Amino acid sequence: MLKEKVNQLNQKVQSLDTIGALRFLTTEFQEKIVFTTSFGYEDQVITDFIFRNNLPIQVVTLDTGRMFKETYKVFSQTLDVYKKPIQVYYPLGEAIENMMSAKGPFSFYDSVENRQECCHIRKVEPLNRALKGVECWITGIRAEQSPNRQGMTYFELDEPRQIIKFNPLLHWTFDQVKQYTKDNHIPYNVLHDQGFVSIGCEPCTRAIQPGEDFRAGRWWWENNSKKECGLHTH
């Protein structure tokens, strides 16, 4: 049934622009719609669409406890500019305490399994709480970001969570995102100016070199072409 809904939604938004699609979703899903932001370029564009147009979409963020200070700064600037609330979800304290006590602060460097455990505790579990009771999850995913996102559509079914995902910037280029941010004077993470394309936790993110893949800056010590944290199944 949800797969049919996804197909129907993909048909309906073909004739709508990004703001029109977001506005349509607010009537389709009422209050059961959430946008998750990590304050990167893409997410700041979507936040601008939502806040500037006073759309009734809850904006949430996951604070992993390992964020860059520059990320907190753009978080604060976003609150100052739009005067709208952003709901914060933290990892469960006991889970963090147990992991750190057993394995120390940098266990994620030791194995993919340890890294995935850290990602699950700090990101996936808080996200699952944020999405509880939600029917539509808006994300900043773009097809250009990684090879395994090339075949995606605007609406996708997140099978494990049985929730519909909407990727409004799916076919935007990185340059388009940057230009929109500049033209509309949107606060952005200054790490982008230092070669950071994808910005996550401080120990696990680095700048990329010219010609490197968009995801090369995430978990750079891993030899894996499909490096994901578990938030997205694509």
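The values are calculated or read from the model by the stated rules, or taken from the named source; none is laboratory data. Owing to the predicted nature of the structure, the values given are computational and were not obtained by experimental measurement. With ideal geometry, Cβ positions are generated from the backbone for all residues, glycine too; neighbour counts draw on all protein chains shown.
Just to be sure before I move on: is residue 144 acidic (Asp, Glu), in contact (Cβ under 8 Å) with a residue 24 or more places away in the chain, assigned to a strand (DSSP E or B) and within 30 Å of residue 14 (Cβ to Cβ) in the structure I sent? Spelling it out, it is not the case that residue 144 is acidic (Asp, Glu), in contact (Cβ under 8 Å) with a residue 24 or more places away in the chain, assigned to a strand (DSSP E or B) and within 30 Å of residue 14 (Cβ to Cβ).
Between 159, 125, 135, the distinction of being of a type in the set (Asp, Glu), farther than 16 Å from residue 40 by Cα, loosely packed, with under 13 Cβ neighbours inside 10 Å and modelled with pLDDT of 90 or more belongs to 159 only.
Can you tell me which residue in region 53-79 is nearest to the chain's Cα centre (by Cα), limited to those that are touching a residue at least 60 places away in the same chain (Cβ under 8 Å) and assigned to a helix (DSSP H, G or I)? For region 53-79, the residue satisfying everything is 71. Which members of region 19-39 meet the condition of being more than 16 Å from residue 135 (Cβ to Cβ) and crowded, with 17+ Cβ neighbours inside 10 Å? Listed by number, the residues that qualify are 23, 37, 38, 39. The number of residues in region 11-26 being under 13 Å from residue 155 (Cβ atoms), touching a residue at least 12 places away in the same chain (Cβ under 8 Å) and not basic (Lys, Arg) comes to 5.
To keep it simple, each residue is scored yes or no on (1) free of Cβ contacts under 8 Å to residues at least 24 places away in the same chain; (2) more than 21 Å from residue 63 (Cβ to Cβ); (3) more than 16 Å from the chain's Cα centre (by Cα).
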{"site": "123", "(1), (2), (3)": "no, no, no"}
{"site": "160", "(1), (2), (3)": "no, yes, yes"}
{"site": "172", "(1), (2), (3)": "no, yes, no"}
{"site": "175", "(1), (2), (3)": "yes, yes, yes"}
{"site": "181", "(1), (2), (3)": "no, yes, yes"}
{"site": "207", "(1), (2), (3)": "yes, yes, yes"}
{"site": "221", "(1), (2), (3)": "no, yes, yes"}
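Only a single criterion out of (1) more than 25 Å from residue 115 (Cα to Cα); (2) in contact (Cβ under 8 Å) with a residue 40 or more places away in the chain; (3) within 15 Å of the chain's Cα centre (by Cα) is not satisfied by residue 39, namely (1).
In region 40-64, the residue that is farthest from residue 76 (Cα to Cα) out of those that are surrounded by 21 or more Cβ atoms within 10 Å (Cβ to Cβ) and aromatic (Phe, Trp, Tyr) is 49.
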